[in-house]
Structure formats: structure tokens, C-alpha cells
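Notes follow once the structure below has been shown.
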Amino acid sequence: MTSFSTTKPLSTPLSTPLSPPSSSPPPSSSSSPPSSSPPSSRPSYLTPCTPSTITALLLHLLPSKTSLHGRYSLSPSPKPTVTLSSLHTYQSSPSWYSAAAAYWESPENCTPDVSGVLGGFPALSVPDVLGSSDFISRVLGRVEGNGGAVRCLDLGGGIGRVSKNLLSRYYAKTTMLEVSPRLCKAAEVYLEGVKGVEVVNEGMEGYDDFGGVGLVWCQWCVGHFSDVDLVAFLRRARVGMEGGGKVVVKDNTTAEEMFVVDEEDSSVTRCEGLMDAIFELGGWKRMGRYEMGEWPEELFPVPIILYGKVGEVGEVGGGAEGPKGAEDKKG
């Protein structure tokens, strides 16, 4: 999850919920619509994207059948619907990031091991890595060529589970970004003897070192970005990454609502339509999609989605669909 790597299935109850970013209750669907009018033509990654315009821009890009509402996971039943504008107001508080950082720094919420970063589902690690390996071999390998020649950025890496068991096998150098100092210390131990992996204790939302990066791997972390900051991150990545750079998102997705906000760890699970709209504003286009197989039905679906730079790529044909299934975690 954002500057944070999260691997907690949202279906798993947590013992110590954090206060939401605002002391006031989350706004409901009665909130006023965005003041900005949608642009007359389809916005691009060159369109100025500010907190005051982000809502209208994204609504303009959403597929026509997308639900226009989301919900808060801890809201009482029946759960009130929430507008995208309300979500953006909620995300604009500084507590959006500080609450998430505090959540992952607490050993009560995440022990510094595979079970902790996978939200108490350590058995998912092997099928998770196997599915990702199949994706890299069958899909990413056909559009990227020799992955070992480039640097990979592992966002929200946790203790280094993905860097160690997956990315270090395909890339000569991997930079693992993690916001929690406690998890970074655990990663140094977990990654001992693994060549080419650098642990960086830093949040994702302000990161801008894309020199030599050919791939950004986002697994169970993009939900910690606010929509505004995710667009800004993607625009920096588009400019800073070498030609042909790619972004992979492996994260929870919603099937019915536009988004679901987890107030406990300060994250948001988005539908694929909203994710694609954010990436389009950031200058990236979906190239292919792969579904995990043998995944618990009680968890959110976790597709692997490949994005390439707008204007430089086409869709990946054949083989982009893999086995089926998944949900939310850290690194």
C-alpha cells in the first residue's frame, strides 16, 4: 500500500483501529458534487491535475457503467454510500499518510514476518509468488525483453518478501521502498545474502528517483496513495523512467463499488475502472491483465495489471489472462 506495503486481507478484523484522518465522521453521499465542470475533451496526462480538479477529471474518464459511489468499511449497516469528491476530501488530510505509517509500524497490526505482512495468511505466499512468476515469464517478458538489464522499484516492500522471492530473480537491481523503519530492519535480516536488493526507508508518495528504473512493481500498496498523489507519482515515473518502462499493479479490487475505504490502515481499494482512470491521467495505458488462481473466495479479487506509457505501447495479445482469483496485503 502506498508508501506502505500492506498485506492484510481486508476481511481480517484488526485489534486496534486507528482514528480516521478527520475527527468528523466520514462524509456520505449527501456531500455536494465537485465544483469543477468536466473538461470538454478527454483529459490527458498533460492536463493540470490539482486537488480542486482531480474529482471532475477522474469522473470524466471512468467507464460508463462504473458505480459512482463507494463506502467506508467500518460504517454501520446499512453502509452509507460515499462520493468520489468526499473520498478526495478525506484523503487530503495529513493524517491520511501518518495514520497508515503508524498502523504498519505497530507490531500489534503487523508482525515482522511473512505471516504479518500477509495479514495472517502465510500460506498465500507460495501461490502468490508462483502466479507473479508466471505473469513475468508469460506476459511481461514478451513486452520488456531482458529484465535483468534494468532496475526494478518494489513499492511498499514490507520485509522484502516480493523482492527476495520474485524480483531479485529477474532484475539485476531492485530498490525496495518501505515507510516503516521497523519493517525495514526486518527486511535487512530477511534479505541477507540476496544480491542486488537495496532497502530504502521512505514513503512512496514523494519518491522521485526513477533513474535506470525499467519496472515499478506495486503489490498491495497503491491503496495508501491518495488519488492526487498517485497521479503525481505516475507522472514523475513516466518522465523519469527509461524508454519502455512499465508499471505492474497487483492489488485488491472492488467488483461492485467504485471504492472501499479501510479506516483502520488508512487505505482505499479501488475498482479497476477507477484505477485505469488514475493511470490514464498519470500518462499510462493498460496493456494486459492476469488473474491469480487458487485464491480464497472471501478475499478481494487481486488481478495483475500491466501498464505502459501512453503513446508508446499497445495491448498485450494472448496469454494476458492467467488463472483466476484474490485480495489485500503488504510486501
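In this structure, is T174 within 29 Å of P51 (Cβ to Cβ) and polar (S, T, N, Q)? Even if it seems obvious, please write down each step before you answer.
Numbers: within 29 Å of P51 (Cβ to Cβ): no; polar (S, T, N, Q): yes.
Criteria not met by T174.
Answer with yes or no whether F300 is buried (at least 18 other Cβ atoms within 10 Å of the Cβ), within 18 Å of S125 (Cβ to Cβ) and either modelled with pLDDT of 95 or more or not hydroxyl-bearing (S, T, Y) (or both).
So F300 fits the description; yes.
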Matching residues, segment 184-222, being of a type outside the set (A, V, I, L, M) and touching a Pro at 6+ places or on another chain (Cβ under 8 Å): K185, N201
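Okay, residues lined up against (1) touching a helix residue (DSSP H, G or I) at 6+ places or on another chain (Cβ under 8 Å); (2) farther than 24 Å from G131 by Cα:
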site: L155; (1), (2): yes, no
site: I159; (1), (2): yes, no
site: L166; (1), (2): yes, no
site: L177; (1), (2): no, no
site: P181; (1), (2): yes, yes
site: K185; (1), (2): no, yes
site: G203; (1), (2): yes, yes
site: D208; (1), (2): yes, yes
site: G214; (1), (2): yes, no
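Consider K185 carefully, then state whether it is buried (at least 23 other Cβ atoms within 10 Å of the Cβ), more than 23 Å from L230 (Cα to Cα) and charged (D, E, K, R). Steps first, please.
Details: buried (at least 23 other Cβ atoms within 10 Å of the Cβ): no; more than 23 Å from L230 (Cα to Cα): yes; charged (D, E, K, R): yes.
Taking the combined requirement at face value, the residue does not satisfy it.
Identify all residues within segment 83-106 that are of a type outside the set (S, T, Y), over 19 Å from W220 (Cβ atoms) and surrounded by fewer than 22 Cβ atoms within 10 Å (Cβ to Cβ); write none if there are none. Write out each step before concluding.
Quick first cut of segment 83-106, residues of a type outside the set (S, T, Y) only: 84, 87-88, 91, 94, 96, 99-102, 104-105.
Applying the additional criterion that residues be over 19 Å from W220 (Cβ atoms) yields 84, 87-88, 94.
Answer for segment 83-106, where residues must be of a type outside the set (S, T, Y), over 19 Å from W220 (Cβ atoms) and surrounded by fewer than 22 Cβ atoms within 10 Å (Cβ to Cβ): H88, P94.
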Tell me, which strands (runs of 3 or more DSSP E) wholly within segment 224-288 include 1 or more residues that are among the acidic types (D, E)? 259-262
Scan segment 114-135 residue by residue and report those that are surrounded by 15 or more Cβ atoms within 10 Å (Cβ to Cβ) and over 18 Å from P296 (Cα atoms). D134, F135
Which listed residue, of D227, D262, is over 13 Å from the mean Cα position of the chain (by Cα), within 14 Å of L87 (Cβ to Cβ) and modelled with pLDDT of 95 or more: D262
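Restricting to segment 255-270, give me the number of residues that are closer than 20 Å to G156 by Cβ and either touching a residue at least 60 places away in the same chain (Cβ under 8 Å) or hydrophobic (A, V, I, L, M, F, W, C) (or both).
Applying the first criterion (closer than 20 Å to G156 by Cβ) to segment 255-270 yields 259-270.
This time we only want the ones that are either touching a residue at least 60 places away in the same chain (Cβ under 8 Å) or hydrophobic (A, V, I, L, M, F, W, C) (or both), so: 259-269.
Going through segment 255-270 one residue at a time, the tally reaches 11.
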So is E205 charged (D, E, K, R) and surrounded by fewer than 21 Cβ atoms within 10 Å (Cβ to Cβ) or not? yes
Would you confirm whether or not segment 1-18 contains a residue that is within 22 Å of the chain's Cα centre (by Cα), modelled with pLDDT of 75 or more and loosely packed, with under 13 Cβ neighbours inside 10 Å? no
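Inside segment 85-186, counting only helices (runs of 4 or more DSSP H) that do not spill past its ends, which hold 1 or more residues that are farther than 23 Å from N252 by Cβ, in contact (Cβ under 8 Å) with a residue 60 or more places away in the chain and in contact with a Gly (Cβ under 9 Å, 6 or more places away or on another chain)? Before you say what the answer is, go through the steps one by one.
Details: elements: 95-105, 114-117, 125-135, 141-144, 161-165.
Per the criteria, 141-144.
How many residues are part of a loop (DSSP other than H, G, I, E, B) and either in contact with a strand residue (DSSP E or B) (Cβ under 8 Å, 6 or more places away or on another chain) or under 19 Å from L230 (Cβ atoms) (or both) if we restrict to segment 55-73? Can you show your working first?
First, the residues of segment 55-73 that are part of a loop (DSSP other than H, G, I, E, B): 62-68, 73.
Next, from what is left, pick out any that are either in contact with a strand residue (DSSP E or B) (Cβ under 8 Å, 6 or more places away or on another chain) or under 19 Å from L230 (Cβ atoms) (or both): 62-63, 66-68, 73.
Within segment 55-73, residues that are part of a loop (DSSP other than H, G, I, E, B) and either in contact with a strand residue (DSSP E or B) (Cβ under 8 Å, 6 or more places away or on another chain) or under 19 Å from L230 (Cβ atoms) (or both) number 6.
The values are calculated or read from the model by the stated rules, or taken from the named source; none is laboratory data. All figures in this text were calculated on a predicted structure; none of them were measured in a lab. All Cβ positions, even for glycine, are placed from backbone atoms using ideal geometry, and neighbour counts span all protein chains on display.
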